[in-house]
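**Student:** My questions all concern the structure below.
The values are calculated or read from the model by the stated rules, or taken from the named source; none is laboratory data. This is a predicted model, so every value here is computed, not measured. Ideal geometry is used to build each Cβ from the backbone, glycine not excepted, and the neighbour counts take in all protein chains shown. Calculation scope for accessible area: heavy atoms of the full protein, side chains included, ligands and nucleic acids excluded. Shrake-Rupley method; radii C 1.70, N 1.55, O 1.52, S 1.80 Å.
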Amino acid sequence: MNDSAPGRIVLLTTSHRVAPGLLSWPAWQALRAADRVLCADAGHPQLPYLREAGVEVEHGSATARELVDFCSTGRRSVVVLTSADGESALTDGLARLAGSGRETMPALELLPGSYDLPGARLLDLVQVMDRIRVACPWSGIRTHEDLAKYALEETYELLEAIETGDREALREELGDVLLQVVFHARIAQEDPDEPFSVDDVAAVIVDKLIHRHPHVFGEESALTPEDVREHWLRTKGEEKGRESVTEGVPLGQPALALSAKLASRVRSQGLDVPPPAGDGIGYELLALAVRAEAAGTDPETALRAAARTYRDAIRAAEGVQ
């Protein structure tokens, strides 16, 4: 504390995304050293843990004038445990007093008592989705089948953002794709026979990632991307127990992507299966897709890039900017 300042006012903030009671050491020091601890929110989640730790908390609020006067006597300190809505009336009042130039102000400090961990806003998304599912007439009756088309649309919009290099659009479209995952998981919670939650979805992918990265989470080594791919394909094959390399390849995907995926499976397994010969543009496109995949080119992406160039040429011919 500044020895020349008459006391100290600490605004202690906490995150609702971190378990109550898990406060930083400076926060606990400030709470234990304070002459008064105030909290206007009687339902604040931290209160039971502060009581358990022997910290006495006054329920209610005080004005800026009251706190400044209290701290000016005997250099006392006050900790205000802020609510979720903040303490705008108090902070505005303190700012007015400090700006008047007529007050000897106590030391003012904003002290974070807990910090959000990476991914903490995902918890907000789950909570918002829970509320929407219950309160929104449209969202409340959607099924997996209703949403299927949106998942496809959002994926294509994400792909376009990647291709155009639009960072703002990329961030937004990633959010839209993430919404589809959370929405489907929320619907799945209500299944009467086989319910599961977003936590179950996350658990499956976490376990899968760990198992398929033995060079990261285990004792195997991988020095090159090719080594990693070998680990991935081997562990994936062990998990699925597939009889054919074609299993798990969705036939509903775009035809060029489907052709390239089949060619990739054939090549990765060392199979000698050339594309079938036949008459017509379909067989020509198939052979072209197989050749592109072997050369390390995604034919779907390549064709999309060419199509975008063609679109620009069309607009130029029309005189459209």
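**Student:** Return one whole number: the accessible area per residue of the chain in Å², for a 1.4 Å probe. If you can, show how the numbers build up before the last one.
**Tutor:** Working: 20800 Å² over 321 residues.
Normalised by residue count, the accessible surface of the chain is 65 Å².
**Student:** Moving to a separate point now. Could you check what % of the DSSP bridge pairs in the chain are antiparallel, to the nearest 5? Don't jump to the answer; show the numbers that get you there.
**Tutor:** Numbers: 0 of 16 bridges.
Of the beta bridges lying entirely in the chain, close to 0 percent run antiparallel.
**Student:** Also: For region 92-246, with all protein chains present and a 1.4 Å probe, just round the carbon and sulfur fraction of the accessible area to a whole percent.
**Tutor:** Working: 6140 of 10790 Å².
Accessible surface attributable to carbon and sulfur in region 92-246 totals 57 percent.
**Student:** I've got another one for you. Under 17 Å Cα-Cα from Lys236, which lysines qualify once same-chain neighbours fewer than 8 residues away are excluded?
**Tutor:** Lys208, Lys261
**Student:** Let me ask something else. How many nm separate the modelled label positions at Arg65 and Arg96, each set 7 Å beyond the Cα in the direction of the Cβ?
**Tutor:** Each label point lies 7 Å from its Cα, and together they span 0.9 nm.
**Student:** Here's something else I'd like to know. Enumerate the aspartates and glutamates that Lys149 could reach by cross-link, defined here as Cα to Cα under 18 Å, with residues fewer than 8 away along the same chain left out.
**Tutor:** Partners within reach: Glu157, Glu160, Glu173, Asp176.
**Student:** With +1 on the Cβ of every Lys and Arg and -1 on the Cβ of every Asp and Glu, and nothing else charged, how large is the dipole of region 155-206 about its Cα centre, in debye rounded to the nearest 20? Walk me through the numbers before you get to the answer.
**Tutor:** On the way: 3 positive and 14 negative charges, 37 e Å.
Computed charge dipole of region 155-206: roughly 180 debye.
**Student:** For the chain, give the magnitude of the charge dipole about the Cα centre (Cβ charges: +1 Lys/Arg, -1 Asp/Glu; no others), in debye to the nearest 20.
**Tutor:** Details: 33 positive and 52 negative charges, 167 e Å.
Rounded to the nearest 20 debye, it is 800 debye.
**Student:** Taking the Cα centre of region 133-234 as the origin, how large is its charge dipole in debye, to the nearest 20, when only Lys and Arg (+1) and Asp and Glu (-1) carry charge on their Cβ atoms? Please list the in-between numbers first.
**Tutor:** Working: 10 positive and 24 negative charges, 35 e Å.
So the magnitude is around 160 debye.
**Student:** Taking the Cα centre of the chain as the origin and placing charges on Cβ (Lys, Arg +1; Asp, Glu -1), which of Gly248, Pro195, Gly218 is farthest toward the positive end of the dipole?
**Tutor:** Result: Gly218, furthest along the dipole toward the positive end.
**Student:** Also: Find how many whole Å separate the alpha carbon centroid of region 6-49 from the alpha carbon centroid of region 113-187.
**Tutor:** 34 Å
**Student:** OK, next. Could you grab the relative contact order for the chain? Cα pairs under 8 Å, six or more apart, rounded to a whole percent. Write down the numbers at each step before the final one.
**Tutor:** Details: 317 pairs, mean separation 44.5, N = 321.
This gives 14 percent for the chain.
**Student:** Follow-up. Going by the alpha-carbon gyration tensor, a ≥ b ≥ c the square roots of its eigenvalues, is the chain rounded (a/c under 1.5) or, if a/c is not under 1.5, prolate (a/b greater than b/c) versus oblate? Please report the intermediate quantities before stating the final value.
**Tutor:** Values: a/c = 2.78, a/b = 2.32, b/c = 1.20.
In terms of gyration-tensor shape, prolate.
**Student:** If you don't mind, another one. Quote the FRET efficiency, to the nearest 0.05, computed for Phe196 versus Glu163 with a Förster distance R0 of 45 Å and r equal to the Cβ-Cβ distance.
**Tutor:** On the way: r = 34 Å, r/R0 = 0.75.
For R0 = 45 Å, the calculated efficiency reads 0.85.
**Student:** Would you mind computing, in nm to one decimal, how far apart the modelled labels at Val273 and Asp130 are, each placed 7 Å from Cα along Cα→Cβ?
**Tutor:** Calculated label separation equals 4.7 nm.
**Student:** Pop a pseudo-label 7 angstrom from the Cα along the beta-carbon direction at both Arg242 and Ala151 and give the gap in nm to one decimal.
**Tutor:** 1.8 nm
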